[in-house]
1. Those residues that are touching a Pro at 6+ places or on another chain (Cβ under 7 Å) and either farther than 21 Å from Ser36 by Cβ or part of a helix (DSSP H, G or I) (or both), I need them from the range 185-219; list them, please.
2. Identify the single condition in (1) within 16 Å of ligand 1 (Cβ to nearest atom); (2) modelled with pLDDT of 95 or more; (3) hydrophobic (A, V, I, L, M, F, W, C) that Ala51 does not satisfy, given that it satisfies every other one.
3. What are the pairs, 6+ residues apart or on separate chains, where a residue within the range 153-178 that is farther than 11 Å from Tyr137 by Cβ and touching a residue at least 40 places away in the same chain (Cβ under 8 Å) has its Cβ under 7 Å from a residue that is away from ligand 1 (no atom under 16 Å from the Cβ) and aromatic (Phe, Trp, Tyr)?
4. In the range 9-40, what residues are under 22 Å from His256 (Cα atoms), touching a strand residue (DSSP E or B) at 6+ places or on another chain (Cβ under 7 Å) and not hydroxyl-bearing (Ser, Thr, Tyr)?
5. Which residues, taken from the range 185-226, are more than 13 Å from Ala157 (Cβ to Cβ) and among the aliphatic types (A, V, I, L, M)?
6. Given the structure, is Leu221 within 27 Å of Gly12 (Cβ to Cβ), modelled with pLDDT of 95 or more and not acidic (Asp, Glu)?
7. Mind telling me which of the residues Arg199, Arg168, Arg145 ends up being open to solvent by 30 Å² or more (accessible area, probe 1.4 Å) and under 18 Å from His5 (Cβ atoms)?
8. Counting only residues that are open to solvent by 40 Å² or more (accessible area, probe 1.4 Å) and over 23 Å from Glu176 (Cα atoms), give me the helices (runs of 4 or more DSSP H) lying completely in the range 57-138 with at least 3 of them.
Amino acid sequence: MIDLHTHHDRCGHAHGDLEAYVRAALRLGLTTLGASDHAPLLLEGAGDEPAPGMHMPASAFDGYLAEAADLRARHADRLDVLIGVEADHLAGREAAYGRLLADQRLDYVLGAVHYVDGYHVYDRARWEAGIDVDAAYARYLELVREAAGSGLFDVMAHIDAMKARAPRPPRAPEREWDVTVEALRAADVAVEVNTSGLRKCGEPFPAWGLIERLHEAGVPLTFGSDAHDPGEVHHAWTEIRAGLLARGIGELALWHGRVRSLVTLEALPTRR
Ligand SMILES: [Zn+2]
Ligand SMILES: [Zn+2]
């Protein structure tokens, strides 16, 4: 039982400290918990906290890694705490992220596109401003491909998240998805099945049809709740596990020291 996408209070919008998420994982009997709070936002020329309440401050990063390592050591007999981070893809800032993410203490890095042409991916104001849904979605997928190709990330987070707040389901042409799946495969990144999609719009990120296409293309998958509250840790695992097995998907990826390995779903028991 694994969950590789969890936040905590350092980012300023998740509830509970890191230890509360570790306690939740222990209570649920997880074997692996990935801590992956929002990495500092490295805007050009920005200070310690350019987007308060969205990302951990740059000055908090070192303390985060130290606390995660301490929790891993303290609970090593029962739980494997992976030290991760969810980092943004910001075009032109790859070198700065490269320096931050080269920290040897990191087990894995989730790559995320949260900002598209000045709007946060979940910002409804984009749609109120009259931006075309399909064009914005195509632009978002272009950024997902760019992020995957940057070489900075082990796994791409919530790759169709823009659908969640769109006024109608966006329609990406099939070709657009073909190109995106191929880009993910060529970049040798994994993709997470993220259950915050179920909480936000009633279907996982990515949608099941895409999960099938990614699997057919040989893109490894992993699982993350995107918990922003300890009560969300491992959310909807049983449903996702059953859906994966029904589609012949029997393995999930995890990482130690940026090296990917696979665990079999059959070995991961059902819970919740
Ligand atoms: Zn968040
Ligand atoms: Zn995210």
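The values are calculated or read from the model by the stated rules, or taken from the named source; none is laboratory data. Because the structure is predicted, anything quoted here is derived from the model rather than measured. Every residue, glycine as well, gets a Cβ built from its backbone with ideal geometry; the counts of neighbours run over all protein chains shown. Ligands, DNA and RNA are stripped out before the accessible areas are found, and what is left, the full protein with its side chains, is counted by its heavy atoms. Shrake-Rupley method; radii C 1.70, N 1.55, O 1.52, S 1.80 Å.
1. Gly197, Leu198
2. With respect to (1) within 16 Å of ligand 1 (Cβ to nearest atom); (2) modelled with pLDDT of 95 or more; (3) hydrophobic (A, V, I, L, M, F, W, C), Ala51 is out only on (2).
3. Asp154/Tyr108; Asp154/Trp255; Val155/Tyr108; Pro167/Trp127
4. Leu18, Val22, Ala25, Leu30, Leu33, Gly34, Ala35, Asp37, His38, Ala39
5. If we filter the range 185-226 for residues that are more than 13 Å from Ala157 (Cβ to Cβ), which is where we start, we get 185-188, 198-203, 207-220.
Matches in the range 185-226: Ala186, Ala187, Leu198, Ala207, Leu210, Ile211, Leu214, Ala217, Val219.
6. Details: within 27 Å of Gly12 (Cβ to Cβ): no; modelled with pLDDT of 95 or more: yes; not acidic (Asp, Glu): yes.
When the stated conditions are applied, Leu221 does not pass them.
7. Values: Arg168 fails: under 18 Å from His5 (Cβ atoms); Arg145 fails: under 18 Å from His5 (Cβ atoms).
Every option except Arg199 fails the conditions.
8. Details: elements: 61-74, 94-101, 125-128.
Once the helices (runs of 4 or more DSSP H) in the range 57-138 are filtered for at least 3 residues that are open to solvent by 40 Å² or more (accessible area, probe 1.4 Å) and over 23 Å from Glu176 (Cα atoms), what remains is 61-74, 94-101.
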